[in-house]
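One structure is given here, and the rest of the page talks about it.
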Amino acid sequence: MAEDNKWLIGIDIDGTLVHDDGYLSESVLAQINRVRDLGHHVFVATGRAASNAYPVIKQLGIDTGHAVCSNGAVTIKLDAAHPKGFSIHDIKTFDPADVLARLIDTVPNAHFAVEDLDGGYRFNKPFPSYALGDQNVETPLEELLHHPVSRVVVLSPDHDVDQFLKIMDEVGLQSVSYAIGYTAWLDIAPKGIDKGHALNQLRDNYNHTSNRVAVIGDGRNDIEMFQWAQSLGGHAFAMGQAPEEVKMAASAVTASVTEDGVAQVLMSLEGLEFIQ
């Protein structure tokens with residue numbers, strides 16, 4: 001396939017590729033394989049850390065190329081010969097001291113974690129077992145502040161999303177990028193870093209120059225990725241169960257994850273270029 005005819009496709013994991021329980025449907029898997037066999041570039045673009053993302057990437061049968069992790073702060077290169085199955089291609093970091101100090105003052109009962117350069121986490125209070133992966137260690141809060149990190153994660157059981165959004169507006173996190181999940185969950189990345197930024201770097205790396213770009217996601221951390229794809233003349237699909245503000249940011253809404261929305265988009269890939 002000529003390079004100009006290839007699609008660049010970025011797909012979120014949780015709530016997009018897989019169900020809440022981690023289930024990946026055969027229909028989605030078949031369509032991923034179909035478009036990859038046609039020569040299109042398929043990149044996972046997830047908020048998960050690399051070690052958490054890799055098992056899903058492996059399940060998809062993707063063993064070459066790249067993937068975007070940690071909401072764009074980490075890009076990995078898939079390598080079957082590497083002991084982990086991947087190596088770090090690029091990593092963006094920031095000093096967490098200032099933002100953590102402000103958040104600790106504002107939501108002192110929250111659970112805080114930082115993602116280190118090796119992909120492991122340090123946290124001060126327990127997180128859900130699935131959230132931080134296997135490589136994590138509990139540590140005093142003070143010790144989270146003093147090393148460069150690729151991400152800060154905040155979980156606040158005392159607040160719902162709307163309350164947390166209001167608090168974050170009051171705190172004013174101009175020095176970093178952040179996205180809030182379905183619950184009172186906050187992901188903080190280096191300033192200007194998001195899934196769209198990382199996918200754009202891969203687009204340059206793969207010499208992809210056409211507007212054949214499509215992205216699919218379901219969360220607030222996908223909105224910048226949607227904006228990036230649309231700025232190129234591409235397409236952004238929100239999953240059917242996504243929050244309303246995520247749907248509003250997309251160019252179209254597909255079916256929910258339980259109805260194989262990703263598969264429905266990929267089945268229609270060849271016709272997307274005719275949709276304005």
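The values are calculated or read from the model by the stated rules, or taken from the named source; none is laboratory data. Predicted model only: the values in this text are computed from it and were never measured. For neighbour counting, all protein chains shown are included, and Cβ atoms are generated from backbone atoms with ideal geometry for every residue, glycine included.
Kindly establish whether residue 198 is part of a strand (DSSP E or B), assigned by TED's automatic domain parsing to the domain that holds residue 74 and of a type outside the set (Phe, Trp, Tyr).
Details: part of a strand (DSSP E or B): no; assigned by TED's automatic domain parsing to the domain that holds residue 74: yes; of a type outside the set (Phe, Trp, Tyr): yes.
No; evaluated as a whole, the condition is false for this residue.
Would you mind finding the one in 73, 53, 45 that is crowded, with 24+ Cβ neighbours inside 10 Å and in contact with a Gly (Cβ under 7 Å, 6 or more places away or on another chain)?
Working: 73 fails: in contact with a Gly (Cβ under 7 Å, 6 or more places away or on another chain); 53 fails: in contact with a Gly (Cβ under 7 Å, 6 or more places away or on another chain).
The conditions single out 45.
Restricted to the range 219-275, and to residues that are hydroxyl-bearing (Ser, Thr, Tyr) and in a loop (DSSP other than H, G, I, E, B), which residue is surrounded by the most Cβ atoms within 10 Å (Cβ to Cβ)? Working first, answer last.
Pass one, the range 219-275, residues hydroxyl-bearing (Ser, Thr, Tyr): 231, 251, 254, 256, 258, 268.
Now restrict to residues that are in a loop (DSSP other than H, G, I, E, B): 251, 254, 256, 268.
Details: 251: 16, 254: 23, 256: 16, 268: 14.
Here the residue is 254.
For the range 101-112, give me the residue count where each residue is buried (at least 21 other Cβ atoms within 10 Å of the Cβ) and under 22 Å from the mean Cα position of the chain (by Cα).
1
Just wondering, is there one or more residues in the range 25-37 that are under 22 Å from residue 148 (Cα atoms) and in contact (Cβ under 8 Å) with a residue 60 or more places away in the chain? Quick ask: steps written out before the conclusion?
From the range 25-37, those under 22 Å from residue 148 (Cα atoms) are none; that's our starting set.
Looking through the range 25-37, none of the residues is under 22 Å from residue 148 (Cα atoms) and in contact (Cβ under 8 Å) with a residue 60 or more places away in the chain.
Any chance the range 115-125 includes a residue that's part of a strand (DSSP E or B) and of a type in the set (A, V, I, L, M, F, W, C)? Spell out the reasoning first.
From the range 115-125, those part of a strand (DSSP E or B) are 115, 121-123; that's our starting set.
Applying the additional criterion that residues be of a type in the set (A, V, I, L, M, F, W, C) yields 123.
Scanning the range 115-125 turns up at least one residue that is part of a strand (DSSP E or B) and of a type in the set (A, V, I, L, M, F, W, C).
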